[in-house]
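Structure first, then comments.
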Amino acid sequence: MAVLFPPQTREVQFDEKWSFVGKKEKHCDPAEPADAQQGDDWDHVAFDPEHRLVVSVVPGKRAEEKVHQLVRDFQGRTGGRVMNLTTSDEYPAYKAAIVEAYGAEKEVPRTGRPGRPRKPVKAPPKGLKYATVHKERKNGRVVKVTTRVVFGTLAAAPAALALSLVSKVVNSVFIERHNGSDRNRNRRKVRKTCCFSKDWQVHEAATYFTTYSYNCCWSVRTPRVKVARKKYRQRTPAMAAGLTDHIWTIREWATYPAVNRIRDD
């Protein structure tokens, strides 16, 4: 079951999580047929940091097409609303995908020269605030983190952060923490394991199952609500986002109809 139209989502963090099917990409033979479906597989994820909610996930090869699919899916699930703040790593495909999904066509002024006029181009909408996070590593450890505002003014990012319930600086730590949690819940995605997937379709099915069941069935410590001294009401990300009022069991989640059919009678 996918999350549809989470009304309280105000921020989004985009990221990709690596795994592999059959064998790692560096061990794949370029002469193998294209339908062999082995090698690196990436989960392209859109994450709501305020509610710890996975809004969209698109598994597949790390490619611009998948990034565009992810951003379009997120834009559709959130009703086309422009988020208060959008962050990602410096993968350049996100910039084009965000403009494609949220931008409006803008006429290009005529130059006065002979020839056909240029076709309209898409421009980022007013109020769009998008920033990237860049990490510098040394000996496998992060030694420096820098951020860059891509869309919006330098003053707009602090203003968006002032409205955030969780972030004080531009970051991607929430989705990165979720990546670690998902690896623990889906052992086939642990970096060094003998439990890796052997079949591409099974791998994608397991990805959807663990990622979306997390929203409804996994109580997360951060969104819990204190009800008394040392007593808390546990909540799932879906509860925090106002999508449900209780923690679902796996059976309840797995048997819930994905499409509510309306009877004619």
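The values are calculated or read from the model by the stated rules, or taken from the named source; none is laboratory data. Not measured: the values here are computed from a predicted model. Cβ coordinates were reconstructed from backbone atoms using ideal geometry, including for glycine residues, and neighbour counts include every protein chain displayed. Ligands, DNA and RNA are excluded from the accessible area calculation, which covers all protein heavy atoms including side chains. Shrake-Rupley method; radii C 1.70, N 1.55, O 1.52, S 1.80 Å.
Treating the beta-carbon of each Lys and Arg as +1 and of each Asp and Glu as -1, no other charges, what is the dipole magnitude of segment 118-265 about its Cα centre, to the nearest 20 debye?
Details: 32 positive and 9 negative charges, 186 e Å.
With only Lys, Arg, Asp and Glu charged at Cβ, the dipole is about 900 debye.
Simple spin-label model, 7 Å along Cα-to-Cβ: Glu90 to Arg62 in nm?
About 1.4 nm, to one decimal.
What list of ³J(HN,Hα) couplings, whole Hz, do you get for segment 223-232 from phi and the Karplus terms 6.51, -1.76, 1.60, once you set θ to phi - 60° and write x for glycine and proline?
Computed from phi, the couplings for segment 223-232 are x, 4, 10, 6, 10, 6, 5, 6, 10, 9 Hz.
In terms of the Cα gyration tensor, with a ≥ b ≥ c the square roots of its eigenvalues, is segment 114-265 rounded because a/c is under 1.5, prolate because a/b exceeds b/c, or oblate? Mind dumping the intermediate values first?
Working: a/c = 1.42, a/b = 1.31, b/c = 1.09.
Verdict is rounded for segment 114-265.
Using Cα-Cα distances under 8 Å and only pairs 6 or more residues apart, what relative contact order does the chain have, in percent? Can you show the working numbers first?
Working: 452 pairs, mean separation 51.6, N = 265.
Relative contact order here is 19 percent.
Using a/c under 1.5 as the rounded threshold, could you call the chain rounded, prolate or oblate? The axes a ≥ b ≥ c are square roots of the C-alpha gyration tensor eigenvalues, and prolate needs a/b larger than b/c, oblate otherwise.
Details: a/c = 1.42, a/b = 1.18, b/c = 1.21.
It is rounded, given that a/c, with a ≥ b ≥ c, falls under 1.5.
Quick one: among Asp15, Asp245, Asp43, which has the greatest mean-square fluctuation in a GNM of the chain with alpha-carbon springs under 10 angstrom?
Comparing Asp15, Asp245, Asp43 in a Gaussian network model of the chain, the most mobile one is Asp245.
Determine how large the accessible area of Glu252 is when every protein chain is in place; take a 1.4 Å probe and give Å² rounded to the nearest 10.
70
Each residue of segment 112-120 in turn: what ³J(HN,Hα) in whole Hz from Karplus with 6.51, -1.76, 1.60 and θ = phi - 60°, glycine and Pro shown as x?
Per residue, the Karplus-derived 3J(HN,Hα) values read x, 8, x, x, 5, x, 5, 6, x Hz.
Let me have the 222 nm mean residue ellipticity of the chain computed from DSSP H runs of 4+ only, each contributing -39500 (n - 2.57), with the sum over all residues rounded to the nearest 500. Spell out each step's value before the answer.
Working: 7 runs with 73 residues, N = 265.
One gets -8000 deg cm²/dmol as the mean residue ellipticity at 222 nm.
What shape does segment 99-189 take by its C-alpha gyration tensor, where a ≥ b ≥ c are the square roots of the eigenvalues and a/c under 1.5 counts as rounded, a/b above b/c as prolate, and the rest as oblate?
Values: a/c = 2.45, a/b = 2.07, b/c = 1.19.
In terms of gyration-tensor shape, prolate.
Quick one: putting +1 on the C-beta of Lys and Arg, -1 on the C-beta of Asp and Glu, what dipole do you get for segment 57-151 around its Cα centre, in Debye to the nearest 20?
On the way: 22 positive and 9 negative charges, 53 e Å.
Charge dipole of segment 57-151: 260 debye, to the nearest 20.
Return the carbon/sulfur percentage of the accessible area of the chain, one whole number, probe 1.4 Å, all protein chains in place. Could the numbers behind the result be given before it?
On the way: 8250 of 15910 Å².
Carbon plus sulfur share of accessible area: 52 percent.
I want the local charge near Val220. Using Cβ-Cβ distances under 13 Å, sum +1 for each Lys or Arg and -1 for each Asp or Glu among the other residues. If you can, show how the numbers build up before the last one.
Details: positive: Arg52, Arg177, Arg185, Arg221, Arg224, Arg233, Arg235; negative: Asp48, Glu50, Asp182.
Net of charged neighbours comes to +4.
Once you put a point 7 Å from the Cα of Lys135 and another 7 Å from the Cα of Val121, both along the Cβ direction, what distance in nm separates them?
Each label point lies 7 Å from its Cα, and together they span 3.3 nm.
Along Cα→Cβ, 7 Å out, is where each label goes; now give me the distance between the ones at Thr255 and Ser164 in nm to one decimal.
Going by the 7 Å Cα→Cβ label model, 4.1 nm.
Taking the Cβ of Pro6 as the center, what net charge do the other residues with Cβ under 14 Å away carry, scoring Lys and Arg +1 and Asp and Glu -1?
So the surrounding residues net to 0.
Using Cα springs under 10 Å in a Gaussian network model of the chain, which residue among Glu25, Glu65, Glu107 shows the largest mean-square fluctuation?
Greatest mean-square fluctuation among the candidates belongs to Glu107.
To the nearest 10 Å², what's Ile247's accessible area with a 1.4 Å probe?
70
Skipping prolines and chain starts, which residues have an amide H placed within reach, meaning under 5 Å, of the one on Thr244, given they are 5 or more residues away or on another chain?
Met239
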